[in-house]
Amino acid sequence: MISETTAPTIQECRWCGAGAPADASFCPQCTKILPLPRRRDYFTFLGVPRRLNIDPADLEQRFRDRSRQFHPDYFYNAPLAERRASLERSSYLNDAYRTLKQPIARIAYLLELEGALTPADKAAGAGATKVVPPGLLEEVFALNEELDEVRDLRSGGASKDEWTARLQRARQPIEDKRAEHERRIAEVSRQWDALLGRPAGDAERAGVLQALGELMLERNYITNLLAGIERELSQ
Amino acid sequence: MAYSNKVIDHYENPRNVGSLPKDNPNVGTGLVGAPECGDVMKLQVQVNPETGVIDDAKFKTFGCGSAIASSSLATEWLKGKTVDQALAIKNTDIVTELSLPPVKIHCSVLAEDAIKAAINDYKKKQSVTAKTVAAQEKAQPTV
Ligand code: FES
């Protein structure tokens, strides 16, 4: 079975028919700009491995180099097909950089790419309730009740100090949870990167992806809770 | 997006908001969440052990209007149903009744999940109680 991380290694130049490496943007034979390959992904496009720890300076350099090469200004007088290739490459490049630049967006993209969490899953929320740890749901529920009480306090005319103090107390454990959560994400990301460095079984890879997927779901709750507290605090 | 009249009605006058004693062996509690929006829903049923019929249902939902309406409607439907009839409630029934648009379908899924979770919790409690009773009877052999 072909592993998902191995993208195709070769593409065919549509102008001269020569073979070109899959991540090449220009045909090594006729030097024309190549159309966006049908099977593509942001990592391959920027020429970086499918890792979660990416050197931001290196990524930015790659983005700049490519954006110069593909810039539509250089193709102003070129035939339509080449102009289109330059436009498509430029816009795909922007999407790729914007996504891979942010660690969280990068994880979400990797999960999508590896088929661990498809957009359809997300839309349907399929199976999602099952993987979120019940303990977290209870905390989320309790905190929402707390927010309700704070709103009651406020509408009952309690002093700002009183309800602010309660919100701050409620926030502390969530902040701790977020810090812990970020540590976990970093740890599992390192596990993923380590797997790429050696021959790993599909089961092992799937396990890491699953863990990452669960962490991403938990993250939504934590972010939401903190946003809820901020909203109340700013009242 | 416009909410249907039925959603608005349930949202403004939610039925059966509140909670039932969690530790009562005849009460099943389901707590579920939708990670994509961070909403949470708690739904509880109280079953008459003699008849197996749900005689009370309560909910508390922190979420969008559709989630509140879905859980409110669910508690209304649950009362008077047997446990098995309750498990037959589908999210699509809720979608139809409340005329939920496609983007709000996951809110009804949440309600269906909550019903299932509550019933499962009830069943689990019942089997534990049955086991303890059986164990106690074994431990004290009749003379
Ligand atoms: S938007 Fe989250 S349950 Fe409705």
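One table, with the values for the structure above:
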{"item": "Scan of the range A:213-235 for residues that are in contact (Cβ under 8 Å) with a residue 12 or more places away in the chain and either among the small types (G, A, S) or away from chain B (no Cβ under 14 Å) (or both), ordered by number", "result": "A:G213, A:G228, A:L233, A:Q235"}
{"item": "From A:R190, A:R178, residue being touching a residue at least 24 places away in the same chain (Cβ under 8 Å) and either in contact with a strand residue (DSSP E or B) (Cβ under 7 Å, 6 or more places away or on another chain) or within 14 Å of another protein chain (Cβ to nearest Cβ) (or both)", "result": "A:R178"}
{"item": "When residues of the range B:59-71 are limited to those that are more than 12 Å from B:E97 (Cα to Cα) and of a type outside the set (A, V, I, L, M, F, W, C), the one nearest to the chain's Cα centre (by Cα)", "result": "B:S71"}
{"item": "Counted residues, the range B:77-90 - those being buried (at least 19 other Cβ atoms within 10 Å of the Cβ) and among the small types (G, A, S)", "result": "1"}
{"item": "Some residue of the range B:39-50 being within 22 Å of A:E146 (Cα to Cα) and more than 16 Å from the ligand (Cβ to nearest atom)", "result": "yes"}
{"item": "Yes/no for B:D93 being buried (at least 19 other Cβ atoms within 10 Å of the Cβ) and either of a type outside the set (G, A, S) or at pLDDT 95 or above (or both)", "result": "no"}
{"item": "Helices (runs of 4 or more DSSP H) enclosed by the range A:1-111 - at least 1 residues per element that are more than 27 Å from A:Q191 (Cβ to Cβ)", "result": "A:56-70, A:80-101"}
{"item": "Within the range B:1-46, considering residues that are more than 14 Å from every other protein chain (Cβ to nearest Cβ) and among the basic types (K, R), the one farthest from B:A117 (Cα to Cα)", "result": "B:K6"}
{"item": "Extreme residue, farthest from the ligand (Cβ to nearest atom), among residues of the range B:57-79 that are farther than 17 Å from B:L31 by Cα and modelled with pLDDT of 95 or more", "result": "B:K79"}
{"item": "Failed condition for A:R83, given (1) closer than 23 Å to A:C13 by Cα; (2) touching a residue at least 60 places away in the same chain (Cβ under 8 Å)", "result": "(2)"}
{"item": "Residues (in contact (Cβ under 8 Å) with a residue 60 or more places away in the chain and charged (D, E, K, R)) located in the range B:10-45", "result": "B:R15, B:E36, B:D39, B:K42"}
{"item": "Qualifying positions in the range B:103-126 - more than 9 Å from every other protein chain (Cβ to nearest Cβ), surrounded by fewer than 24 Cβ atoms within 10 Å (Cβ to Cβ) and within 15 Å of the ligand (Cβ to nearest atom)", "result": "B:K104, B:E112"}
{"item": "Selection from the range A:148-174 of residues that are outside any loop (DSSP other than H, G, I, E, B) and hydroxyl-bearing (S, T, Y)", "result": "A:S155, A:T164"}
{"item": "Output for the range B:52-71, where each listed residue is surrounded by fewer than 24 Cβ atoms within 10 Å (Cβ to Cβ) and in contact with a strand residue (DSSP E or B) (Cβ under 8 Å, 6 or more places away or on another chain)", "result": "B:G52, B:V53, B:D55, B:D56, B:K58, B:K60, B:F62, B:G63, B:C64"}
{"item": "Top-ranked residue of the range A:58-91 - restricted to ones that are within 27 Å of the chain's Cα centre (by Cα) and of a type in the set (G, A, S), ranked as farthest from A:R39 (Cα to Cα)", "result": "A:S67"}
{"item": "Hits in the range B:74-106 - residues which are under 21 Å from B:G38 (Cα atoms) and not polar (S, T, N, Q)", "result": "B:A74, B:I94, B:V95, B:L100, B:P101, B:P102, B:V103, B:K104, B:I105, B:H106"}
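Listed here are the residues, each with its yes/no results for (1) at pLDDT 90 or above; (2) polar (S, T, N, Q).
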site	(1), (2)
A:A186	yes, no
A:Q191	yes, yes
A:R198	no, no
A:D202	no, no
A:G213	no, no
A:N224	no, yes
A:A227	no, no
A:L233	no, no
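The values are calculated or read from the model by the stated rules, or taken from the named source; none is laboratory data. Just so it is clear, the structure is predicted and the values come from calculations on it, not from any experiment. Cβ sites come from the backbone with ideal geometry, for glycine too, and all protein chains shown count toward neighbours.
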